[in-house]
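Read-outs: derived from the displayed coordinates by stated rules, not from any lab. In this text, all values refer to a predicted model and were calculated from it rather than measured experimentally. Cβ placement follows ideal geometry from the backbone for every residue including glycine, while neighbour counts extend to all protein chains displayed.
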Amino acid sequence: MSEALSVSSLIGIVGAGAMGTGIAQVAALAGHKVALYDIDPAAAEKGRKQIVHDVSNLIERGKLAPGAEARVKDGVFTVTRLDAFRHASLVIEAAAEQLDLKRQIFGELEGWVSRDCILATNTSSISVTAIAAILEAPERAVGMHFFNPATRMALVEVVTGLVTAPGIAQTVYDTAVAWGKIPVRARSTPGFIVNRVARPFYAEAFRLLNEQAAEPASIDALLRDSGFPMGPFELMDLIGHDVNFAVTESVFCAYFGDPRFTPSLIQRELVDAGRFGRKSGRGFYDYVSKEPVPCAQTEPAADRPITIRLSRQPGPVGRLQQLLRDAGSPVDDVTSVARSPQVVAEIDNALLLLTDGRTATECARTLGTDNVVMVDVALDFSKTRTIAVARALRCSDVAYRAVVGALQNCGMSVVAIRDVAGMVVMRTVAMLVNEAADAVNQGVCSAADLDRAMTNGVNYPVGPIGMSDVVGVPLVFRVLRNLASHYGEDRYRVSPLLAAHFWSGTSFNGHGSNCDAGSVAE
C-alpha cells in the first residue's frame, strides 16, 4: 500500500518559472529539502529569492507562522546540473508546454536519478503517455498538474499515463494530500479534467457574442451573478487570450476536430491584434485608460403587473415562482396556466417561460400566442440579482414590460438579450454538464473527482455533476436536444451517460431525477 513521501525525501524541481517556484515553495513548507533547477542559473536563484520574499510577506500578514521563513531558507537550494537529483525521491518538471522539451528533460533525468525516483510532469494538457514514451521505465512517469498560483490553488490533478504504475500514482496522490492539496485522479486524455470540462464556459460565451446576443459586460454579469466567480470574458482577459486560445486549439486538435471544442474566430482576432487581456492592457476590456469598467445593460424600471397567475411546477420553475410569490405581487396560485411544462407564469397578457433551449419566438408559435417572454435559469434564484430575458419577435411592448416589472419587483436587474436558443446561463450550464458526463462516461475520472476538480480548480459554485442536480437532468437533456435541433450541429449532441440518466429517470447520484422539463417531444 502506497503512502506519501516522507519529509526526509529530496524533491527536485525542473523549471524556475512561476509554476516551478510555486511548487517548490509548497514542498518546502511541507518540510522537504527542495533542489530548484533552471537552464538559466540566474532564473533559479531569482526563483529561490522570490520564495523567501513571498513567505516573509505571508508571515508579516499573519498567514504563516514565523518558523516558515527558516524552512524555505534552509530547505530550498538551487542546482546547476541535473545530476544533482541523483538522490531525489520525486522530480517535478515544470518547463514550457512543449512535448519535445519535456521528453528531452525526462530522458536526461532518467540517466541521473535512482530507479525508485518518481518523474512527474506539471503539464496542463500534453499527454503523459507521450512524455513518458522516451523513458526506459515509463511506468515511473505521472502527471502532477498544479494550478496557478500553486501556493494558493488547492487542486492537483494526478494524471496516469497508459503504463503509469498504480503505486506511483497513489504515492503522488498521498504526497499531494500531505502538502495540503486536494488531489483528484485523472486518466491522460486531452485537457485532463479541468482544461477539458471548462471549455464550454468560454466556447458558449463566444457563440453568444458571435450571435450578438448581448455585449461582453452583460454576459459576464449574468454568469457571475448566477454564482460563477468571474464571467467568461473577464476571466479570459485575466488568463490571457494567447494562453486560452492555445489551450483551446490544443484540445480541439487532440480530439481530431470535435466541434464541441472549436476555437473562436473572435478570440483569434484578439490574439492576432496582441490584445491578450490584462497583461497587454487590452482584451475585451481596457485596462490602460481610467474609464470605468463596462456594466451590464439593464432595463429601465417598469411598473408592477396587475395580475400574476402561476401553475404549480417543480425544479427551477417552482423556485422562480416562489420569488414571485414572496415579492408581494398579486399572485393567483390556483389558476392553471400550464400550457407547456416550462411556463412560469401568466403575467398580465404575457406568458413567462423558463428557457428549454428553444427561442421565445419558436415557443410563441407552438403555444399560439405572440406575447411570450423567455427567462434564463439560475443556479440559485434566491441569490441571483441579474437575470436575462428574451422576447418573441411579435411580443408587444406592453406584455414585455409587464414581465420586466414582475422580475424587477423580485429585486432583480433585468438584462434584455437577443432571442437566441438556450439563452446565456442555461446553455452554458447544459454544455458543462454534458462535457462532464462525457468525461465520466469515457473513464477520464469519477463523477466525485470531476466536481471536486471544478470547484477547487476553477472555483465553480458547484461542480457540473452537481449542477445537473440543481437544474434537473430532464431539463438539461431537453436543452441540448433543442439546441442540436436549432443549430443542426453535432456540437450539442447529448452524452450517452446523460441520456442514460434521462431515460432511466435517475440523477447522477442515483436518486430519482427532477422531472420538471416534461416529455421530450412537444
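Please compute the length gained on full extension between Leu101 and Arg418, using 0.36 nm multiplied by the number of residues separating them and subtracting their Cα-Cα distance. Intermediate results must be reported in sequence, preceding the final value.
Working: separation 317, 0.36 × 317 = 114.12 nm, distance 4.70 nm.
Additional length available on full extension: 109.4 nm.
At Ile306 and Ser485, where each label point lies 7 Å from the Cα along Cα→Cβ, what is the point-to-point distance in nanometres?
3.5
Using DSSP to define loop residues, name the GluC sites (Glu not before Pro) in region 35-75 whose beta-carbon has at most 15 other beta-carbon atoms within 10 Å.
Sites meeting the loop and neighbour criteria: none at all.
Taking other Cβ within 10 Å of each residue's Cβ, how do Asp419, Asp380 sort, fewest first?
Neighbour counts put them in this order, fewest first: Asp380, Asp419.
How would Ser468, Ser125, Ser264, Ser218 line up from fewest to most surrounding beta-carbon atoms within 10 angstrom?
By the 10 Å Cβ count, ascending: Ser125, Ser264, Ser218, Ser468.
Which order do Glu269, Glu157, Glu249 fall in if you start with the one that has the fewest other Cβ atoms within 10 Å?
Exposure proxy ranking, most exposed first: Glu269, Glu249, Glu157.
How many percent of DSSP beta bridges within the chain run antiparallel, rounded to 5?
So the antiparallel bridges in the chain amount to around 30 percent.
Go ahead and collect, in residue order, the members of region 160-189 whose backbone nitrogen is under 20 Å from a label point 7 Å along the Cα-Cβ direction of Ala133.
Once the point is set 7 Å along Cα→Cβ of Ala133, 160-165, 187-189 turn out to lie under 20 Å by backbone N, inside region 160-189.
Once you place label points 7 Å from the Cα toward the Cβ at Thr506 and Val7, how far apart are they in nm?
4.5
Could you compute the FRET efficiency for Asp116 and Asp326, with r as their C-beta to C-beta distance and R0 at 51 Å, rounded to 0.05?
With a Förster radius of 51 Å, E is 0.20.
³J(HN,Hα) across region 124-134 via Karplus (A = 6.51, B = -1.76, C = 1.60, θ = phi - 60°), whole Hz, x for Gly/Pro?
9, 8, 7, 4, 5, 4, 5, 5, 6, 4, 6
Only one of the values (1) 42, 31, 20; (2) 45, 26, 19; (3) 48, 24, 20 was calculated from this structure for semi-axes √(5λ) of the Cα gyration tensor in Å; name its label.
(3)
Run the reach check for Lys279 against lysines, Cα to Cα strictly under 24 Å, same-chain hits fewer than 8 apart removed. What comes back?
Lys46, Lys49, Lys290
Taking all pairs of different Cα atoms in region 308-416, averaging 1/r and flipping that mean, what Kirkwood radius in angstroms comes out?
Working: mean 1/r = 0.0744 Å⁻¹.
Computed over region 308-416, the radius equals 13.4 Å.
Return the lysines within reach of Lys63: Cα separation strictly under 17 angstrom, same-chain partners fewer than 8 residues apart disregarded; answer none if there are no such residues.
Within reach: Lys181.
Quick one: of the DSSP bridges fully inside region 329-404, what percent are antiparallel, nearest 5?
65
Could you run the Karplus curve 6.51 cos²θ - 1.76 cosθ + 1.60 with θ = phi - 60° over region 419-431 and give me ³J(HN,Hα) per residue in whole Hz, x for Gly and Pro?
6, 9, 5, x, 6, 9, 5, 4, 5, 5, 4, 4, 6
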